[in-house]
Amino acid sequence: MALLDHFHPPLKGRRHWHSFHNGWAMSLAASLNKHLPEGYFAEPNVVFGVEVDVAALEDSVRQQRAEPLKITTPGGASATPQLTWASPQPSGTIPFFPATESVEVNIFHGVGDLALIGAIELVSPANKDRQEHRDIFVAKCMSYLSQGIGLVVVDVVTERTANLHNELLDRLGNCAEPQLEGHLYSAAYRVIKNDDNHWLSFWQEELAIGNPLPTVPLWLRDDICLPVDLQSSYDRVCRELKINDALSVFPNQ
């Protein structure tokens with residue numbers, strides 16, 4: 001099946017994109033587990049958060065400022081006297097946007113003390129909706145790469161146009177390769193250590209609605225390379241979630 005638009009009609013309103021992302025992460029993990037050596041395993045990690053209400057946050061901050069900030073240590077007959085201490089007001093309080101959504105497949109190695117050696121990130125709309133969230137996503141990717149963790153990023157979100165792969169390369173700097181023009185893409189990254197130098201190899205490919213999905217390399221930290229067949233895992237989740245049924249009801253929409 002060619003790549004569908006899961007964020008606009010006719011699928012929008014008939015199938016939930018977050019259910020699809022959840023299923024795709026599970027399908028990718030199951031596919032990788034068929035090929036990983038003994039002692040290695042892949043598992044999905046999906047967290048969907050709640051959008052921050054800035055107005056409600058500001059109301060809460062005003063209420064906190066109006067109340068005294070105190071900490072009380074209980075006392076007793078045989079204990080030290082009761083102490084009440086008032087904290088000074090904070091120097092400032094500003095909106096904070098934590099990473100509220102994460103759709104990923106993590107690859108681990110070991111028993112007991114598990115080591116994260118690879119990750120596949122499926123971009124969600126919240127990862128792209130504001131600069132703060134984009135910065136958090138890029139910082140997360142940079143943290144993986146700084147530890148030598150193999151990384152694949154797949155973005156099929158059509159309702160927002162930011163390109164997180166381009167932003168990651170901008171943050172890293174010194175990239176002579178032309179940036180991707182579209183906002184749908186797959187990208188794979190491998191950190192290579194050569195003597196005292198580190199290099200980052202990357203594979204980038206634009207995706208398009210109506211086109212098939214590629215197979216991309218996932219270089220694990222142990223120098224094991226796995227093919228990530230995006231098309232077969234995509235076909236599987238579309239079949240199991242009956243995506244075709246949603247399209248066949250009104251095929252001309």
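Only one entry in Val191, Val216, Val237 is within 20 Å of the chain's Cα centre (by Cα) and assigned to a helix (DSSP H, G or I), namely Val237.
Please work out which one of (1) open to solvent by 10 Å² or more (accessible area, probe 1.4 Å); (2) within 20 Å of Phe7 (Cα to Cα); (3) assigned to a strand (DSSP E or B); (4) among the aliphatic types (A, V, I, L, M) is the condition Leu116 fails and give its number. Going through (1) open to solvent by 10 Å² or more (accessible area, probe 1.4 Å); (2) within 20 Å of Phe7 (Cα to Cα); (3) assigned to a strand (DSSP E or B); (4) among the aliphatic types (A, V, I, L, M) one by one, Leu116 breaks only (2). Taking the criterion of being closer than 22 Å to Leu3 by Cβ and either crowded, with 20+ Cβ neighbours inside 10 Å or among the aromatic types (Phe, Trp, Tyr) (or both), the residues of the range 148-165 that qualify are Leu151, Val152, Val153, Val154, Asp155, Val156, Val157, Asn163, Leu164, His165. Looking at the range 170-178, is at least one residue over 16 Å from Leu3 (Cα atoms), outside any loop (DSSP other than H, G, I, E, B), at pLDDT 90 or above and not aliphatic (A, V, I, L, M)? Yes, because at least one residue in the range 170-178 is over 16 Å from Leu3 (Cα atoms), outside any loop (DSSP other than H, G, I, E, B), at pLDDT 90 or above and not aliphatic (A, V, I, L, M).
When each of Val191, Val138 is tested for being over 19 Å from His109 (Cα atoms) and free of Cβ contacts under 8 Å to residues at least 60 places away in the same chain, the lone residue that passes is Val138. Of all the numbered requirements in (1) open to solvent by less than 10 Å² (accessible area, probe 1.4 Å); (2) touching a Phe, Trp or Tyr at 6+ places or on another chain (Cβ under 7 Å), Leu145 misses one, and that requirement is (1). Taken over the range 189-219, the criterion of being in contact with a Gly (Cβ under 8 Å, 6 or more places away or on another chain) and either polar (S, T, N, Q) or crowded, with 18+ Cβ neighbours inside 10 Å (or both) is satisfied by Tyr189, Arg190, Val191, Leu207, Leu218, Trp219.
The values are calculated or read from the model by the stated rules, or taken from the named source; none is laboratory data. Since the structure is predicted, the reported quantities are computational estimates derived from the model, not experimental observations. We place every Cβ from the backbone using ideal geometry, glycine too, and count neighbours over all the protein chains shown. These accessible areas exclude ligands, DNA and RNA; they are computed on the full protein's heavy atoms, side chains included. Shrake-Rupley method; radii C 1.70, N 1.55, O 1.52, S 1.80 Å.
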